[in-house]
Structures are given as structure tokens and as C-alpha cells.
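Okay, structure first, notes after.
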Amino acid sequence: MKKADKIAYDKDYAAAKKDGKPFFPYAIYKDTIIAGLAILAVIVLAITVRVNIGEPVNPATTDFVPRPEWYFYFAFELLKIFKNQNALTPVIMATFMVPNILIILLVIWPFIDRGPERRIWKRPFGLALAVIVTGMLCYLTYIGASTPEGVAKGDGIPVSGLEGASAAGAALFLANGCTSCHMVKGVGAAGPGPDLTNFGAKGWDNAKMIKWLQAPIAPMPSYASLPPKDLDDLATFVNGLGTKYK
């Protein structure tokens, strides 16, 4: 800390201490009121906003698409972002690396930024870090909560004209979880990927689509591990959406 900053801080601290209010009973009084209001809000919400339990679980079902509780929605979205990379990447990145890095940043930042200034506008880096981390968690939670449940692998996509390679491509589209990020004619998720209902209007050929599937831009996962025949079938299906297959 610079000497001038320390002198200014000591001066401000002495003035605040002289004119301030004692911890007891002033601070305790305020904390008690706020804690009481928070508890009251929880009680009111528990009474007025009922949670629908839904139908009893059927252990024999094969078409149920499970979704987590709201506080895991951000991790749910991270799992989808890192999906299909390999067997371990989604688990390592979405459940360990990314959340823990964000949490560790929030925990260690006060030890890194040890300036005496307490005013928010005087600590832009700390404020920016808190806003970015909190914003990312809130955004991923919102996306996870608002994303439709997707479609089970046994269900179909309501497009006509599918046969041969395009039918095989539609099956691959479902089997590889593409509906977790994309929507086709109302089937699948509304994001984070674009709606592919009319993708065929772009005029891509299979070679261009295969190249994209093998090396897409993040957060879309790579499908380079698929056999060439599967890549060609998948490209045939996607490139025909909205034109050949409606």
C-alpha cells in the first residue's frame, strides 16, 4: 500500500469511527430485522407458491427425459456444452473444472486485492469479477430452466420426405443429442444452438457441412469421431431441412 493511501485511509477510518454508531445494539438491531424479513419471505413463498409434485415415477418408462433441480441447471447446461467430446470431458469440465474455478476466483480475490478501499466504485476489478461470475451462473441457470426437455431417442422429428440417407441422418441427429441444443419444427431445445428448421435455405453442400461437423465453433462439440458414412448421412439430413424435408 502506498504511504499516501494509508494516510488517507487512516484519516477516513478515524472520522468514521468518531461519527459512527456502536455495533451493539445498532448493527445487531439491523441484522435481526433483515434476517426476520428473509425468514418471513421464505415462509410466505412456501405457503403461496406451491411446488407441483407431478405424477408418480414410473421405473419402467423408456421415454422420460430427466432434468435436474433448478440449482443444478447451470451445471446441466455446462454438461450439454461439453457433450460428445469424449467420455470424461463433460464430467471433468462441467462438474469440476469450470464451477470450481469460478468459485475459487471469488474466494481468493479478497486475498489478491488487499486494498483498503471499501467503496464499490473504487474497486472496479473486484466488482467486475463478481458481476461476471454471478452473471454467468445466472445466465446458465436461466438457459437450463427455459430449455425444453428435448426429445427421446425413440421419438421422431416431424418432417416429411425422409428416406435412405436422410432418414439415417435424422436418426443420428436424435441419437447424438443434437436436440439438446437445436430445434427442428418445434422438437428439441430453443438454444443455445440455432433453430435448424429451415437450414437447407443456406445452400450448404455435404462437404461443407461435414467440415463444420468435424471442426465446429465452440460451444458446439466436434463430431469428428463419427464414421464418414454417418457424417454424410447427418449432413444430408441437415442440409435438406426446410427445402427437401419439410
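Bear in mind these aren't lab numbers, they're just calculated from the coordinates by the rules spelled out. Everything quoted here is computed from the prediction, not taken from an experiment. Positions of Cβ are generated from backbone atoms using ideal geometry, with glycine treated the same way; all protein chains shown enter the neighbour counts.
For region 165-239, count the residues as N, evaluate 2.2 N^0.38 Å, and divide the Cα radius of gyration by that value, please. Don't jump to the answer; show the numbers that get you there.
Details: Rg = 11.3 Å, N = 75, 2.2 N^0.38 = 11.3 Å.
In units of the 2.2 N^0.38 Å rule of thumb, it is 0.99.
Within straight cross-link reach of residue 246, meaning Cα distance under 20 Å, which aspartates and glutamates are found once same-chain residues fewer than 8 apart are removed?
155, 163, 195, 205, 232, 233
Mind checking the angle between helix 3-19 and the chain's longest principal axis? C-alpha axes, 0 to 90 degrees, to the nearest 10.
70
Restricting to lysines 8 or more places apart or on different chains, can you count the pairs in region 165-239 with Cα atoms under 17 Å from each other?
Numbers: 185/202; 202/211; 208/229; 211/229.
Within region 165-239, the lysine pair count is 4.
Counting alpha carbon pairs within less than 8 Å and at least 6 residues apart, what relative contact order, in whole percent, applies to the chain? Before the final figure, lay out each step's value.
On the way: 235 pairs, mean separation 45.3, N = 246.
Answer for the chain is 18 percent.
Rounded to two decimals, what is the ratio between the C-alpha radius of gyration of region 121-228 and 2.2 N^0.38 Å?
1.38
Using alpha carbons only, how many degrees (0 to 90, rounded to 10) separate the axis of helix 124-146 from the longest principal axis of the chain?
The angle comes out at about 40 degrees.
Just going by the charge dipole of the chain, with Lys and Arg at +1 and Asp and Glu at -1 on Cβ, which of 197, 125, 242 is farthest out on the positive end?
Result: 125, furthest along the dipole toward the positive end.
Magnitude of the Cβ-charge dipole of region 194-234, K/R +1 and D/E -1, about the Cα centre, nearest 20 debye? Mind showing how you got there, number by number?
Working: 4 positive and 5 negative charges, 29 e Å.
The dipole magnitude comes to about 140 debye.
Using the Cα centre of the chain as origin and beta-carbon charges of +1 (Lys, Arg) and -1 (Asp, Glu), tell me which of 179, 166, 104 is placed farthest towards the positive end of the dipole.
Positive-end residue among those listed: 104.
Would you please calculate the Kirkwood hydrodynamic radius of region 66-146 over all C-alpha pairs and express it in Å, rounded to one decimal?
Working: mean 1/r = 0.0707 Å⁻¹.
Roughly 14.1 Å, rounded to one decimal.
Below 16 Å, Cα to Cα, which aspartates and glutamates can residue 6 reach? Residues fewer than 8 away in the same chain don't count.
Partners found: 113, 117.
Given the options 99, 22, 228, state which has the largest fluctuation in a GNM of the chain using a 10 Å cut-off (strictly under) for Cα springs.
Sorting by GNM fluctuation, first place goes to 22.
Quick one, which of (i) 30, 22, 17; (ii) 51, 25, 15; (iii) 39, 17, 16 is the actual semi-axes √(5λ) of the Cα gyration tensor in Å calculated for this model?
From the options (i) 30, 22, 17; (ii) 51, 25, 15; (iii) 39, 17, 16, the structure gives (ii).
Can you give the relative contact order of region 66-146 as a percent, counting alpha carbon pairs under 8 Å and 6+ residues apart?
On the way: 55 pairs, mean separation 38.2, N = 81.
Taking the mean separation of contacting Cα pairs over the length of region 66-146, I get 47 percent.
Compute the acute angle (0 to 90°) between the alpha-carbon long axis of helix 228-239 and the principal axis of greatest extent of the alpha-carbon atoms of the chain; round to the nearest 10°.
80
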